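First comes the structure, then the notes that go with it.
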Amino acid sequence: MSVIDPKECEPPLSASGSKATPVTLLTGFLGSGKTTLLNDLLADPRMRETAVVINEFGSVAVDHDLIHEGREGYITTSTGCLCCTATSDVRESLHELHAARERGNIPDFKRVIIETTGLADPAPIINSLIPGGAPAIGLRDHIVARAFQLTGVITAFDAEHGAANIGEHFECWKQLAFADHIVLTKTDLVSGVACKKDLSALNPTAVIHDRQAPAFDPVPLFGTRVYSTTDKPEDVPGWLAMERFSDSDGHSHEHDPNRHGAGIKALPLFHDEPLDPGAVDRFLKIMTSQPHAGLLRFKGIFALADDHSRPLVAHAVQHRLYPPVRLDYWPGIDVRSRAVVIGNNLPVEPIKDLFDALRPKQRRRWFSRT
């Protein structure tokens, strides 16, 4: 079990030398288990008084509803391609947190966790949070620089699909290179021995943890020492320098929030009516039965006709569908069925048609939970 250095219990100093709220970046490629890890953290009494900023790729916020907010926590969500709008989105979210705390609109918080979308390039995000990074534009950015300090990067890594993701998606490689801690997930499905060797070669200074190890404790990973890139792989300083002079990967900062690059797209899906459980089950199996259909990630929450007060949560990584779970209640005020499909060159129209076929033949409007 990790031991917390007493020095790490002291709040960090911001660029101005004043006490600053520590910020930890929680990243990892699509399906790596970030949300599950975050839920475990927020359930721990030691992580009370934690504010969370969640970014989701695409215009449909599903992860926000699947995060179990702590009694003394505060969660805010942004949707879209955080890798492209990192400077504005991250600083804006932190400024909103600071202003709300100053006004007394939300409880005080001692730390902030930023959970990124799985497609996020960490370079522009980190550049917006470290001294000497992205330039401050206006009073808002100066306030954020004084009030918050990046203290660490934690990257979740899927032991089952991670090796392929590194080879096919540069973002996955960069998420690991910037990490202070790498948390191996899904080692209950596949061995993580080979992963540890490869990851140590990629980022020799990162501490590698096994999510399934009996003694694993994620809380000590959230220290308060100022984040540094001096011990990171040699490419890291270069990536940060590039971000200061150009937009990440040539992205425009005003574009379709459901698109990432040329091929990767987030497809939002909605239904207003409760759906037949059998039809939803068939839809999920069809969606994940084609290994070469380009699916990277599926997340959805469904209102079912047999008991619409208890929604079904389903998610898949590539062609692996994990067992769906019925919740005891709706996590928010939005009680529609909704899902997001993220993939590379997805067959969009067939997926829309398949989802539309779930609609009951006898349309029924459903406006409230009853």
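The values are calculated or read from the model by the stated rules, or taken from the named source; none is laboratory data. Computed from a predicted structure; not experimentally measured. As a convention, Cβ positions derive from the backbone with ideal geometry for all residues, glycine included, and neighbour counts pool all protein chains shown.
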### Task
Check off (1) surrounded by fewer than 18 Cβ atoms within 10 Å (Cβ to Cβ); (2) at pLDDT below 70; (3) farther than 29 Å from residue 206 by Cα for residue 249 and give me the number that stays unchecked.
(3)
### Query
If you scan segment 278-297, which residues turn out to be modelled with pLDDT of 85 or more and of a type in the set (A, V, I, L, M, F, W, C)?
279, 280, 283, 284, 286, 287
#### Entry: Checklist (1) in contact (Cβ under 8 Å) with a residue 24 or more places away in the chain; (2) surrounded by fewer than 15 Cβ atoms within 10 Å (Cβ to Cβ); (3) assigned to a helix (DSSP H, G or I) applied to residue 191, failing item
(3)
### Task
Out of 140, 101, 111, 146, report the one residue that is without any contact (Cβ under 8 Å) to a residue 24 or more places away in the chain, basic (Lys, Arg) and farther than 17 Å from residue 35 by Cα.
101
### Task
Could you please find all residues in segment 323-335 being of a type outside the set (Asp, Glu) and exposed (fewer than 15 other Cβ atoms within 10 Å of the Cβ)?
323, 325, 326, 327, 329, 332, 333
#### Entry: Residue check for residue 50: more than 26 Å from residue 295 (Cβ to Cβ) and either at pLDDT below 85 or not assigned by TED's automatic domain parsing to the domain that holds residue 301 (or both)
yes
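Report, by residue number, each residue of segment 157-177 that is of a type outside the set (Gly, Ala, Ser) and either free of Cβ contacts under 8 Å to residues at least 60 places away in the same chain or not assigned by TED's automatic domain parsing to the domain that holds residue 120 (or both). I'd like the intermediate steps shown before the answer.
Here is the first cut: in segment 157-177, the residues of a type outside the set (Gly, Ala, Ser) are 157-158, 160-161, 165-166, 168-176.
Of everything in segment 157-177, those that are of a type outside the set (Gly, Ala, Ser) and either free of Cβ contacts under 8 Å to residues at least 60 places away in the same chain or not assigned by TED's automatic domain parsing to the domain that holds residue 120 (or both) turn out to be 166, 168, 170, 173, 176.
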### Query
Any idea how many residues of segment 214-243 are in contact with a strand residue (DSSP E or B) (Cβ under 9 Å, 6 or more places away or on another chain) and over 22 Å from residue 22 (Cβ atoms)?
0
### Query
All but one of (1) part of a helix (DSSP H, G or I); (2) at pLDDT 90 or above hold for residue 171; which doesn't?
(2)
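Filter segment 131-149 down to residues that are modelled with pLDDT of 85 or more and touching a Ser or Thr at 6+ places or on another chain (Cβ under 8 Å) and give me whichever is nearest to residue 200 (Cα to Cα).
Keep residues of segment 131-149 that are modelled with pLDDT of 85 or more, which gives 139-149.
Filter once more, keeping what is touching a Ser or Thr at 6+ places or on another chain (Cβ under 8 Å): 145-149.
Values: 145: 32, 146: 34, 147: 34, 148: 30, 149: 27 Å.
Result: 149.
Here's a check for you: in segment 209-246, which residue that is without any contact (Cβ under 8 Å) to a residue 40 or more places away in the chain and among the acidic types (Asp, Glu) is nearest to residue 172 (Cα to Cα)?
Out of the qualifying residues, it is 234.
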### Query
Counting only residues that are over 25 Å from residue 46 (Cβ atoms), of a type in the set (D, E, K, R) and in contact with an Asp or Glu (Cβ under 6 Å, 6 or more places away or on another chain), which one in segment 90-139 is surrounded by the fewest Cβ atoms within 10 Å (Cβ to Cβ)?
91
